[in-house]
Amino acid sequence: MNSVSQRFFAFGALCALIGMAWGIVMSATGDHSLSPAHGHLNLIGFVASSVFGAYYALSPSAAASKLSNVHFWLAVLSVIVIVPGIVMALTEQGETLAKVGSILTILSMLLFFVTVLRNRVGG
């Protein structure tokens with residue numbers, strides 16, 4: 001497996017572990033007020049990263065491109081920014097970080113879209 005794929009899978013697994021622990025804490029305390037942030041951590045951090053990792057594992061030419069590394073770090077940064085940003089928005093501490101995280105997240109997906117268009121699976 002190529003390194004960018006491995007990094008996406010490792011980051012996705014880390015996000016899943018943190019998301020699961022967070023879910024257990026919410027359940028134990030009965031406080032689900034931050035569930036939108038928890039959901040974004042699981043969806044963007046685990047699911048999207050796992051899909052990205054699978055694509056790069058199946059597309060060596062895409063994984064070998066310099067854009068794959070840019071994509072990885074942009075995807076990581078988007079999770080690091082959007083999840084606390086959503087927490088801040090939910091706790092009425094401002095929405096700026098959530099907005100910045102949203103832009104980073106959509107840029108990450110746009111970069112993935114461009115990568116998919118430029119590279120065929122298996123190539």
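Each value in this text was obtained by applying a stated rule to the coordinates, not by laboratory testing. Bear in mind that the values here come from a model prediction, so they are computed numbers and not experimental data. Here the Cβ is made from the backbone with ideal geometry for all residues, glycine too, and neighbour counts use every protein chain on show.
Values for this structure:
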item	result
Choice from 45, 94, 85 with maximal GNM fluctuation in the chain (Cα, 10 Å cutoff)	94
Cα gyration tensor shape for region 4-45, rounded if a/c is under 1.5, else prolate or oblate	oblate
3J(HN,Hα) from dihedral phi, region 72-78, Karplus parametrisation 6.51/-1.76/1.60, rounded to Hz, x for glycine, proline	4, 5, 5, 5, 4, 4, 4
Max mean-square fluctuation residue, GNM over the chain, Cα-Cα springs under 10 Å, options 44, 86, 103	103
In Hz, Karplus ³J(HN,Hα) per residue of region 38-52 (6.51, -1.76, 1.60; θ = phi - 60°; x = Gly, Pro)	4, x, 5, 4, 5, 6, 7, x, 8, 5, 4, 4, 5, 5, 4
Most fluctuating residue given options 47, 100, 83, as computed from a GNM of the chain linking Cα atoms under 10 Å	100
Burial order of peptide ranges 73-79, 22-28 (average beta-carbon count within 10 Å, highest first)	73-79, 22-28
Convex hull of region 3-118 built on C-alpha atoms - directionally averaged projected area, nm²	6.7 nm²
For residue 59, residues with placed amide H under 5 Å, excluding near neighbours	122
